[in-house]
Amino acid sequence: MAEHHERAIAGFVAAATPRDVRGVIVVGSVARGTERPDSDVDLYEVVDDAAFEAALATGSLARVETEHADWPGGYLDIKLVSPTLLARAAADADDPTRASFLDARVVLDRDGGLGERIAAITAPPDEHFAALIASFSAQFTLHADYFLVHGRHHGDPLLAANAAVHAGFAAGRMALAAERVLFRGPKYLAEQLGDAGRGELAAAIAALVDERSADAVEQVRALVPGLAERAGSIGDDDLALFIADNEWAWFTRQPPPEHR
């Protein structure tokens, strides 16, 4: 970690100590050791549940500070979390939230146990990944074998483009889930697939988005175990899961799988 980033973190922690801050967690590139000299510092500030609820009510869950950042253009990107939120995250958080805690560095822990809380968030059980695999299998099947076909048949380029993008992300995320890799967010999908040795799949997904053709669909399908075995058939289980995860997401209060 660069000296100026260390100074910024130390200054922030020193200023946080007199306040009712229960913990400080460094995340992002600085925590991973992949930062550039001009990188910002990403922090989670742990406050008690009452303070978090008050911040939630006023829309004050995040802020940017420059006071301790003494490099050109530098700043600290701070998000609030609470003990209840961390406990909920261990059980229910989406993949990008879980991934944001990977390689986290605890620099202040007044109450103890922050390391264990973070470990519970970043290491979800097998059932988490199994549910994602099932959801994304259904997503791919419906988007690739129904919506994309419908878009091409009726000359609807917007529908075809939407279906291709959703099918591509479903295939990519299914592959990551099979490897128990937490998805960091849309802009990282190609990078994560490459890191997992699935560069060929990333290229096939890009071709699917560009071409939106039946051949492109089959190239992606052939590269993802579980999709290839289904041979493009849409079963009742696919339809039921797709409806529960999408059309009835308002009822289950679960976000669609692409946002998990």
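For the range 3-122, report the convex hull volume of the alpha-carbon atoms normalised per residue, in Å³, without decimals.
104
Report the relative contact order of the chain, percent, no decimals, based on alpha-carbon pairs under 8 angstrom and at least 6 residues apart. Mind showing how you got there, number by number?
Numbers: 364 pairs, mean separation 41.8, N = 260.
Relative contact order, the chain: 16 percent.
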Cβ density ranking, 10 Å radius, fewest first, applied to 259, 5, 150, 143 yields 259, 150, 5, 143
In degrees rounded to 10, the 0-90 angle between helix 199-211 Cα long axis and the longest Cα principal axis of the chain is 60
DSSP beta bridge pairing in the chain, given as percent antiparallel to the nearest 5: 70
Springs between alpha-carbon pairs under 10 angstrom, Gaussian network model over the chain: which of 239, 56, 182 fluctuates most? 56
So what J values fall out for the range 145-154 if you push phi through Karplus, 6.51 cos²θ - 1.76 cosθ + 1.60 with θ = phi - 60°, rounded to Hz, Gly and Pro as x? 9, 10, 5, 5, 4, 4, x, 5, 4, 9
On C-alpha positions alone, give me the angle between the axis of helix 126-142 and the longest principal axis of the chain, in degrees, nearest 10. 40
Within the range 38-97, DSSP-loop GluC sites (Glu not before Pro) with at most 16 other C-beta atoms within 10 Å are 67
Once the Cα atoms of helix 83-92 and of the chain are each reduced to a long axis, what angle between those two axes, in degrees from 0 to 90 to the nearest 10, is obtained? 20
What list of ³J(HN,Hα) couplings, whole Hz, do you get for the range 239-248 from phi and the Karplus terms 6.51, -1.76, 1.60, once you set θ to phi - 60° and write x for glycine and proline? 5, 5, 5, 4, 5, 4, 7, 10, 5, 10
Using C-alpha positions alone, give me the convex hull volume of the range 126-259 per residue in cubic angstrom. 107
Per DSSP helix of 4 or more residues, -39500 (n - 2.57); summed, then divided by the residues of the chain. What does that give at 222 nm, rounded to the nearest 500? -15500 deg cm²/dmol
Filter the GluC sites (Glu not before Pro) in the range 126-193 down to the DSSP loop ones having no more than 16 other Cβ atoms within 10 Å, then list what survives. 179
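Tell me the relative contact order for the range 3-122 as a rounded percent, counting alpha carbon contacts under 8 Å between residues six or more apart.
Numbers: 191 pairs, mean separation 37.9, N = 120.
Computed value for the range 3-122: 32 percent relative contact order.
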Answer label, with Cα extents along the principal axes in Å calculated from the coordinates and candidates (1) 64, 39, 31; (2) 52, 38, 33; (3) 61, 41, 39: (1)
Pop out the ³J(HN,Hα) list for the range 213-219 in order, Karplus 6.51 cos²θ - 1.76 cosθ + 1.60 with θ = phi - 60°, rounded to Hz; leave Gly and Pro as x. 9, 5, 5, 5, 4, 5, 5
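FYI, it's all coordinate maths here, none of it is from the lab. As the structure is a prediction and not an experimental result, all values here were calculated from the model. Cβ coordinates were reconstructed from backbone atoms using ideal geometry, including for glycine residues, and neighbour counts include every protein chain displayed.
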